[in-house]
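To start, the structure itself, in structure tokens.
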Amino acid sequence: MSREGFRATVLTLYPEMFPGPLGISLAGKALNEGAWSLETVQIRDFATDKHRMVDDTPAGGGAGMVMKPDVLGRAVDHVADGRPKLFMSPRGKPLTQERVRQLADGPGAIILCGRFEGVDERLIEARQFEEVSIGDYILSGGETAAIVVLDAVVRLLPGVMGNALSGETESFETGLLEHPHYTKPQEWEGRRIPDVLLSGNHGAIEKWRRAEAERLTRERRQDLWDAHGKRTKR
Ligand code: SAH
């Protein structure tokens with residue numbers, strides 16, 4: 001590998017959740033081979049009081065607890081080195097394949113995982129965290145979201161995916177959802193593989209796949225379809 005691998009640092013109260021699913025299959029193999037590295041930082045190690053407190057009650061009252069800016073600040077400053085800093089947050093900008101690709105092309109990422117009600121706003125501002133959401137639902141913590149981000153990034157790193165081409169025709173890379181897939185047997189429970197896919201006619205196959213991708217996108221994701229139309233009209 002010509003360039004230094006992608007370096008991930010995860011700030012968390014639950015380092016034992018890592019590498020978790022990132023330790024198996026393609027991501028795990030790439031981790032073992034040094035295509036990327038993963039470091040976890042236990043946020044609690046940066047608490048200074050005798051109870052090692054990392055959270056406190058919300059200013060203004062209300063339920064739950066908020067992660068303390070002083071503790072988080074020290075944890076971040078311990079590892080910050082110019083890599084993008086992401087805070088996993090349902091308030092963040094929804095993660096896109098485009099952002100995933102940018103991250104994969106960069107030196108790595110520092111990822112902060114929230115717990116409880118979240119983190120003190122001043123920490124996000126002062127350390128200039130980019131807030132990233134993985135969807136419109138609430139998780140119990142940022143760790144599973146961080147695993148999602150890293151999974152999506154790592155599979156794009158050079159040499160990680162065996163068949164590099166399959167990455168390029170996938171959903172979102174083209175702005176369309178992907179066409180359906182089939183494999184043997186030719187007939188299963190009375191359902192046949194579409195004839196065109198068995199025809200050996202590569203032009204016809206490409207045309208069919210394209211039409212199916214467009215149909216699925218139109219039917220399921222009007223938002224992507226509209227964006228696609230805008231892009232291809234000019
Ligand atoms: N009170 C917050 C939710 C806190 S959930 C709110 O209503 O916005 C606790 C932590 O889980 C968050 O700090 C964040 O790090 C993580 N989290 C929850 N949902 C997430 C999502 N959809 N995307 C990314 N991170 C999420």
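The values are calculated or read from the model by the stated rules, or taken from the named source; none is laboratory data. All of these numbers come straight from a predicted model, not from anything done at the bench. Every residue, glycine among them, receives a Cβ derived from its backbone with ideal geometry; neighbour counts consider all protein chains shown. Side chains are part of the model used for accessible areas, which takes the heavy atoms of the whole protein and leaves out ligands, DNA and RNA. Shrake-Rupley method; radii C 1.70, N 1.55, O 1.52, S 1.80 Å.
Being within 24 Å of Glu170 (Cα to Cα) and open to solvent by 10 Å² or more (accessible area, probe 1.4 Å) is true of Gly135. Glu173: outside the structural domain of Leu31 (by TED's automatic domain parsing), touching a Leu at 6+ places or on another chain (Cβ under 9 Å) and either over 22 Å from Leu11 (Cβ atoms) or open to solvent by less than 100 Å² (accessible area, probe 1.4 Å) (or both), yes or no? No.
Listed by position, the helices (runs of 4 or more DSSP H) contained in segment 122-234 that have at least 1 residues being touching a strand residue (DSSP E or B) at 6+ places or on another chain (Cβ under 6 Å) are 142-154. The condition (being more than 18 Å from Val41 (Cβ to Cβ), within 11 Å of the ligand (Cβ to nearest atom) and in a loop (DSSP other than H, G, I, E, B)) is satisfied by just one residue among Pro58, Pro90: Pro58.
Somewhere in segment 17-28, is a residue assigned to a strand (DSSP E or B), in contact with a strand residue (DSSP E or B) (Cβ under 8 Å, 6 or more places away or on another chain) and in contact (Cβ under 8 Å) with a residue 60 or more places away in the chain? No - not one qualifying residue is present in segment 17-28.
Residues that are over 17 Å from Ser140 (Cα atoms) and within 12 Å of the ligand (Cβ to nearest atom) were ranked within segment 93-119; the one that is farthest from the chain's Cα centre (by Cα) is Lys93. Please find, within segment 151-170, the residue that is farthest from the ligand (Cβ to nearest atom) out of those that are open to solvent by 30 Å² or more (accessible area, probe 1.4 Å) and modelled with pLDDT of 95 or more. Result: Pro158.
Within segment 39-55, being among the basic types (Lys, Arg) and either part of a loop (DSSP other than H, G, I, E, B) or touching a residue at least 60 places away in the same chain (Cβ under 8 Å) (or both) holds for Lys50, Arg52. Determine whether Glu4 is open to solvent by 80 Å² or more (accessible area, probe 1.4 Å), under 17 Å from Pro107 (Cα atoms) and not aromatic (Phe, Trp, Tyr). In short, yes.
Annotation note: Cβ proximity below 9 Å between a residue of segment 132-150 that is more than 13 Å from Thr96 (Cα to Cα) and within 7 Å of the ligand (Cβ to nearest atom) and a residue that is part of a helix (DSSP H, G or I) and not basic (Lys, Arg) (sequence gap 6+ or interchain) occurs for Leu139/Ala145; Gly141/Met17.
Here segment 29-62 is the region considered, the condition is being of a type in the set (Val, Ile, Thr) and more than 30 Å from Gly159 (Cβ to Cβ), and the residue that is surrounded by the most Cβ atoms within 10 Å (Cβ to Cβ) is Ile43. Taking residues in segment 197-214 that are open to solvent by 50 Å² or more (accessible area, probe 1.4 Å), and partners anywhere that are at pLDDT 95 or above, the pairs with Cβ atoms closer than 6 Å and at least 6 places apart or on different chains are Trp208/Val196; Arg209/His179. Beta carbons closer than 7 Å, at least 6 apart along the sequence or on distinct chains, pair a first residue in segment 78-93 that is open to solvent by 50 Å² or more (accessible area, probe 1.4 Å) with a second that is small (Gly, Ala, Ser) for Pro90/Ser133; Arg91/Ser133; Lys93/Ser133.
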